[in-house]
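Written out below as structure tokens is the structure these notes cover.
What follows draws every value from the coordinates through simple rules; no lab data is involved. Just so it is clear, the structure is predicted and the values come from calculations on it, not from any experiment. For neighbour counting, all protein chains shown are included, and Cβ atoms are generated from backbone atoms with ideal geometry for every residue, glycine included.
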Amino acid sequence: MRFMHFADLHLDSPFAGMQKQYPSLQEVLIQAPYKAFHRGVSYAIKEDVDAVVIAGDIYDTQKQTIYAQHAFLKELERLKAAEIPVVICHGNHDFLNNQRLLMQYPENVYVFKDESIDHIDIKTNDNQTCRFYGFSYNKRWIHESKAQEFPVKNNETDFTVGLYHGELLSKTQKGNYAPFTLEQLISKNYDYWALGHIHQANTLSTFPLIQYAGSPQGRNRLEIGDKGAYLVTLEVDQKVKSEFIHLAEIEWRDEIIECQENWQVNDLLWAIESLVNNFKDEVDKGLPSKIISLTLKNAQRLPIDIQEQIEKGEVESILTEPQSIEKFAIIVRVKLERQMVLDAFEYDKTLKTSFQAACQDMQEGKAYHESLAELFDHPIIKQRMSDLSLDEELKKESIRSAQELMIQAIGFEFKEAIDSED
């Protein structure tokens, strides 16, 4: 038996923040998740799989647009025409509110309708049988583990597969998204676990095979790398086979340029242009388009006025729209990473203690929230964005920037710090 394992389609993803920088690409980005899933369905039909499995978060929000629902139904109709059954569970983003009627799917589609563990049996054209166990979210959070509620494999069918949308945690950790432990899943003796919720493809266990499929299309700069789905093959008394199928239209990447001593503006821009051109060559050869977050490492080697202009967004402001919206390689973010040589404090213990105390106060005390209080409490920010005070990435970058500013304010240059060690 062969089936495609999808998860976290997140149709209707808004791609917020791209419209201002690259307005011509906004619609391309919005369409990317739809195209990735369309490509995956086409692959499933071409391979004549026995089933398609979707492990939660079909949509990005609980209230789906008509466009997203229509696009998803069209793909289900294609699978129906190919006589391929589809097994679906709903996750924390597209949870099934009890006040809302379940969408009328084609008859080839089977849905886990609530949070109780249920099963769906599929029979293949060559008379093999597979039982799929799973559940769907009826609310945004499930704090308790659902894994313990799954029955142990009973061998009533040739194969047994579990669908689980949730997060891997240890026994002592608490979670909001049906937390489970690896031991809980392994103890059920299933042939395969099709996981959803984490947007990066990842194999948690090889025997039994337990895998997150990840998203078919990365949605932002935190979801880097290739994306797709798994083609899973089950054979009686044989090791489960799994092949990752690349589906993404667009790939988000983190790249680094090492700044050199005595670099001026032209040197920096040449290095950036060379990086982008190398990726353009890859894209022209058929690889996915690239959206790049660029880190300038050892940026303290650049003249201070260039560093200041980069931090104000001067580099992004001169980047032009791509010539083609079908195939492109662009930079959306430039970040400075300065080498902080803390050994420079060694000659002044009082200064070092003060610096460490300030860093600790930013990390654990009140300094971080006090310094950004006006931003967090601004009425427009509170109305239009989620609680920024809980954004761990923002906190991490803000603390690092504060540390760099403190070192700069004291007046240490990187070279001076190195010289002091000799």
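The table that follows gives values for the structure above.
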| read-out | value |
| --- | --- |
| Spherically averaged projected area in nm², based on the convex hull that wraps the Cα atoms of the range 79-128 | 4.5 nm² |
| Order by protection proxy (mean Cβ within 10 Å, highest first), peptides 191-198, 365-372 | 191-198, 365-372 |
| Computed E for D114/V152 - FRET, C-beta separation, R0 25 angstrom, nearest 0.05 | 0.70 |
| Of K171/K227; K174/K366; K171/K241; K113/K146; K46/K80, those spanning more than 18 Å from alpha-carbon to alpha-carbon | K171/K227; K174/K366; K171/K241 |
| Distance between the range 128-173 and the range 254-302 - C-alpha centres, whole angstrom | 44 Å |
| Sequence-distant residues sharing a close amide H with E249 (under 5 Å, placed H) | A36 |
| Residue-averaged [θ]222 nm for the chain, counting only DSSP H segments that reach four residues, each worth -39500 (n - 2.57) | -10000 deg cm²/dmol |
| Reachable aspartates and glutamates from K188, criterion Cα separation under 16 angstrom, eight or more residues apart if same chain | D118, E149, E156, D158 |
| Using alpha-carbon coordinates, inclination of helix 265-284 to the longest axis of the chain, degrees | 10 degrees |
| Peptides 34-44, 304-314, 125-135, 209-219 ordered by average Cβ neighbours within 10 Å, highest first | 209-219, 34-44, 125-135, 304-314 |
| The range 1-135 - percent relative contact order, Cα under 8 Å, separation 6 or more | 24 percent |
| Two-site FRET efficiency, Q260 against F207, from Cβ-Cβ distance with R₀ of 45 Å, rounded to 0.05 | 0.40 |
| Under-5 Å amide H pairs with L204, H placed in peptide plane, nonlocal only | I210, Q211, Y212 |
| Linear extension gain, S354 paired with S145, 0.36 nm per residue minus alpha-carbon span | 70.7 nm |
| Proximal lysines relative to K349, as straight alpha-carbon distance under 22 Å, when same-chain residues fewer than 8 apart are discounted | K415 |
| Between helix 66-81 and the chain: long-axis angle, C-alpha atoms, 0 to 90°, nearest 10 | 50 degrees |
| Viscosity 1.002 mPa s, 20 °C: Kirkwood-radius Stokes-Einstein D of the chain over Cα pairs, µm²/s | 88 µm²/s |
| The chain, relative contact order [Cα under 8 Å, separation at least 6], % | 12 percent |
| Stretchable slack from S398 to K74, in nm (0.36 nm times residue separation minus alpha-carbon distance) | 112.2 nm |
